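Colleague: Sharing a structure, written as structure tokens. Questions coming.
Derivation of every value follows stated rules applied to the coordinates shown; laboratory data play no part. Since the model is a prediction, treat every value here as computed from it, not as a measurement. Heads up, the Cβs are rebuilt from the backbone with ideal geometry, glycines too, and the neighbour counts pull from every protein chain shown.
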């Protein structure tokens, strides 16, 4: 058999079901029965309904953040699966889990795969830093902890190298919030002004409160199947047209190229395999655990040159109605921190024309970019 | 007053790093095959060429501030009284980078690429940790 390439993968797999939770409602209420599993089941059920599938038509189950595939499979009564596994609860895993599902389908190991993500971070008081959070033993001696501070190091360096200023990040935070205002499920929907942004407290300076992702509860389930099967289901298929990964695994989360070289390799791969170009991208979701990654991702994917991203994001260019709408559901800083899964759901809804008040007109080509220790990119399309 | 912040947790692999620091020497492993010097010293094989012929080489102690942040959020109760405190990502003259902090320096004067040199903070009788100060 000839060596397969990314091109052979093109359009073979589709997203056919998407389900999630009402993040805003979950944020405002508490329920002692709520956990990653129960949230995951809610999203799974919604995704099945969205796809018009019976649960017994699922033959592959990939969980992310939900610790035990065994407990989850028991909860949803799925016994004779042809694949089951759990990925770590890290943001970089969302694209990888989708790729794994696609590989299972392309290889014939599975027919229809559910990827289920659940997060009860708010209920359990997750902090992503500090005591008992797995910080490096070399770093904690100085009180260094948390991915946010690691990104703050990179943003400080970026400002030094390119002459950016702290207020340039406000464009990302306020654009996210503007989009969340159009998303009924978003956690934070009130407008965020430049003044409020600039007077908000620092967490790890130069990053402020509004540069940080939320810590909230919720879940997302995605159902994927082969393109032929997808055409017979309830909703128009969303094609996984191209996808690629490039790691940048080093000891520190702070890296000197701000993950751009990894993203660049992914972007070159997905543009090459899809035959599409930057001008074809109508909406883009960029993994924004902290706002600087939007700038790093745009530069890495060559929407602008290295060092120009902080200017690129100004003046509404990345907002709805702008040249390249980014994080149209409100992103991780305003909609919900579902570690990339909410961003996947948003691309699917944009491509189906289901995004309501925040719909990008006639959206046919969407991109996902993750600037992180495992960089990734997808191009997703509809026909 | 007892030292309440996190302490080094020496392992069988990095124990010499801490022992040299206690003697006020900053040493890191250097590969005798390819010359690569690396941080952290948590490896028994050179991450560049995978040789196991490593030696502990004494460093100049000089470097520069690659970047720095100021913690305003309380993540550790033992650092609460230090807020807002500086964490600097130091690039050593020999190449490796490590997290540390700056002393003898106002926050307002910190700049990326600012030249710094190591100072040894004897935090307990058993442990010394490297910190950095501006070279004036």
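Colleague: Cα centroid distance between segment A:80-109 and segment A:349-383, in Å?
Modeller: 20
Colleague: Something else now. Mind checking which of A:54, A:85, A:176 has the largest fluctuation in a GNM of chain A, springs on alpha carbons under 10 Å?
Modeller: Of A:54, A:85, A:176, the Gaussian network model singles out A:54 as fluctuating most.
Colleague: Between residue A:73 and residue A:45, what is the label-to-label distance in nm when each label sits 7 Å out along the Cα-to-Cβ direction?
Modeller: Using points 7 Å along Cα→Cβ, the separation is 2.2 nm.
Colleague: Let me ask another. Take the Cα pairs of segment A:310-368, get the Kirkwood Rh, then feed it into Stokes-Einstein at 4 °C and 1.567 mPa s and tell me D in µm²/s.
Modeller: 109
Colleague: Hey, what number do you get for the protein assembly as shown at 222 nm if only DSSP H runs of n ≥ 4 count, each worth -39500 (n - 2.57), divided across all residues, to the nearest 500? Could you put the intermediate results ahead of the total?
Modeller: Working: 14 runs with 133 residues, N = 519.
The helix contribution divided over the protein assembly as shown gives -7500 deg cm²/dmol.
Colleague: I would also like to ask the following. Evaluated at 4 °C with a viscosity of 1.567 mPa s, what Stokes-Einstein diffusion coefficient in µm²/s does segment A:86-131 have when Rh comes from the Kirkwood expression over alpha-carbon pairs?
Modeller: Numbers: Rh = 12.6 Å.
The estimated diffusion coefficient comes to 103 µm²/s.
Colleague: Can you give me the angle between helix A:341-352 and the longest principal axis of chain A, using Cα atoms only, in degrees from 0 to 90, rounded to the nearest 10?
Modeller: It works out to around 70 degrees.
Colleague: Further, regarding this structure: Based on Cα coordinates alone, diagonalise the gyration tensor for segment A:268-383, multiply each eigenvalue by 5, take square roots, and list the semi-axes in whole Å, largest first. It would help to have the intermediate numbers written out before the result.
Modeller: Values: eigenvalues 69, 55, 42 Å².
Each semi-axis is √(5λ); the values are 19, 17, 15 Å.
Colleague: Using the Cα atoms as the points, what is the convex hull volume per residue of chain A in Å³? All intermediate terms of the calculation are to be shown ahead of the outcome.
Modeller: Values: hull volume 52.0 nm³, N = 383.
Each residue corresponds to 136 Å³ of Cα convex hull volume.
Colleague: Show me, bin by bin at 10 Å from 0, the whole-percent P(r) of segment B:60-136 based on Cα pairs.
Modeller: Per 10 Å bin, starting at zero, the Cα-Cα P(r) for segment B:60-136 comes out as 19, 49, 30, 3 percent.
Colleague: How big is segment B:13-58 on each of its three principal axes, counting only the C-alpha atoms and giving the largest first in Å?
Modeller: 30, 17, 14
Colleague: Give me A:160, A:153, B:36 sorted ascending by neighbouring Cβ count inside 10 Å, so fewest comes first.
Modeller: Numbers: A:160 15, A:153 25, B:36 18.
Arranged by neighbour count, lowest to highest, A:160, A:153, B:36 become A:160, B:36, A:153.
Colleague: For peptide B:62-70, what's the mean number of Cβ atoms from other chains within 10 Å of each residue's Cβ?
Modeller: 6
Colleague: Using Cβ contacts closer than 10 Å as the measure, can you line up B:68, B:56, B:18 from fewest to most? Can you show the working numbers first?
Modeller: On the way: B:68 25, B:56 15, B:18 18.
Ascending number of Cβ neighbours within 10 Å: B:56, B:18, B:68.
Colleague: Related question: Can you sort A:106, B:46 so the residue with the fewest Cβ neighbours within 10 Å comes first? It would help to have the intermediate numbers written out before the result.
Modeller: On the way: A:106 16, B:46 21.
Listed from fewest to most nearby Cβ atoms, that is A:106, B:46.
Colleague: Counting pairwise Cα distances across segment A:89-182, what percent come out greater than 21 angstrom?
Modeller: On the way: 2751 of 4371 pairs.
For segment A:89-182, the share of Cα pairs beyond 21 Å comes to 63 percent.
Colleague: Figure the gain on full extension for residue A:56 and residue A:383 (residue separation times 0.36 nm, minus the Cα-Cα span) and round it to one decimal in nm. Intermediate results must be reported in sequence, preceding the final value.
Modeller: Working: separation 327, 0.36 × 327 = 117.72 nm, distance 2.79 nm.
Extending this stretch completely gives an extra 114.9 nm.
Colleague: Follow-up question, since we're still on this one. Who wins for biggest fluctuation among B:76, B:89, B:39 in a Gaussian network model of chain B, springs between alpha carbons below 10 Å?
Modeller: Maximum among the listed residues: B:76.
Colleague: Can you tell me the convex hull volume per residue for chain B, based on C-alpha atoms, in Å³ to the nearest whole number?
Modeller: Values: hull volume 16.5 nm³, N = 136.
Hull volume normalised by residue count: 121 Å³.
Colleague: Across peptide B:103-112, what mean number of C-beta atoms from other chains lies inside 10 Å of a residue's C-beta? Don't skip to the answer; put the middle values down first.
Modeller: Values: counts 0, 0, 0, 0, 1, 0, 0, 1, 1, 6.
For this peptide, the per-residue mean of nearby foreign Cβ atoms is 1.
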